[in-house]
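Heads up: the structure comes next, in structure tokens.
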């Protein structure tokens, strides 16, 4: 089988990047914001993480609810040494749902700041304002 054609091996990172390019714009914005944060604050004193809360599959959505996933939670939770806050990311076409507004209001009642931003610049402004 000397004449057998070998398929090229595509590195894992290249497959991830190709997959990511097909993701919704909001995911791309989120990745950009998280990358900026992690690059700017490469420290154990600062934490940013995504709150997984949306799922189209009905069965997975039910299981998530049973294990404590709350629909409408903001996309990101930022924890700084003396403060924490939430950020909802939206593209120019995105709208905050009624479920999200309900959760945002509950968080504000608990004295938590919730921001909505639609660009890396607005994300940076929010983070710097809270330092």
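Each value in this text was obtained by applying a stated rule to the coordinates, not by laboratory testing. Everything numeric in this text was worked out from a predicted model, so none of it was measured. FYI the Cβ positions are ideal-geometry reconstructions off the backbone, even for glycines, and counts take in every protein chain you see.
So how tilted is helix 25-40 from the main axis of the chain? Cα-based, degrees 0 to 90, rounded to 10.
Approximately 80 degrees, to the nearest 10.
Can you compute the helix-only [θ] at 222 nm over the chain? Use -39500 (n - 2.57) per DSSP H run of at least 4 residues, normalise by all residues, nearest 500 deg cm²/dmol.
Rounded to the nearest 500, it is -13500 deg cm²/dmol.
Residue 69 to residue 10: FRET efficiency via 1/(1 + (r/R0)^6), r the Cβ-Cβ distance, R0 25 Å, to the nearest 0.05?
Computed FRET efficiency for residue 69 and residue 10: 0.15.
Between helix 120-129 and the chain, what is the angle of the helix's C-alpha long axis to the longest principal axis, kept within 0 to 90° and rounded to the nearest 10?
It works out to around 40 degrees.
Give me the mean projected area, in nm² to one decimal, of the convex hull enclosing the Cα positions of the chain.
12.5
On a 0 to 90 degree scale, rounded to 10, what angle separates helix 98-109 from the longest Cα axis of the chain?
With both axes taken from Cα atoms, the answer is about 50 degrees.
Which of these, 97, 119, 71, has the largest mean-square fluctuation under a Gaussian network model of the chain (Cα springs below 10 Å)?
Of 97, 119, 71, the Gaussian network model singles out 97 as fluctuating most.
In segment 25-129, what % of DSSP beta bridges are antiparallel (nearest 5)?
About 65 percent, rounded to the nearest 5.
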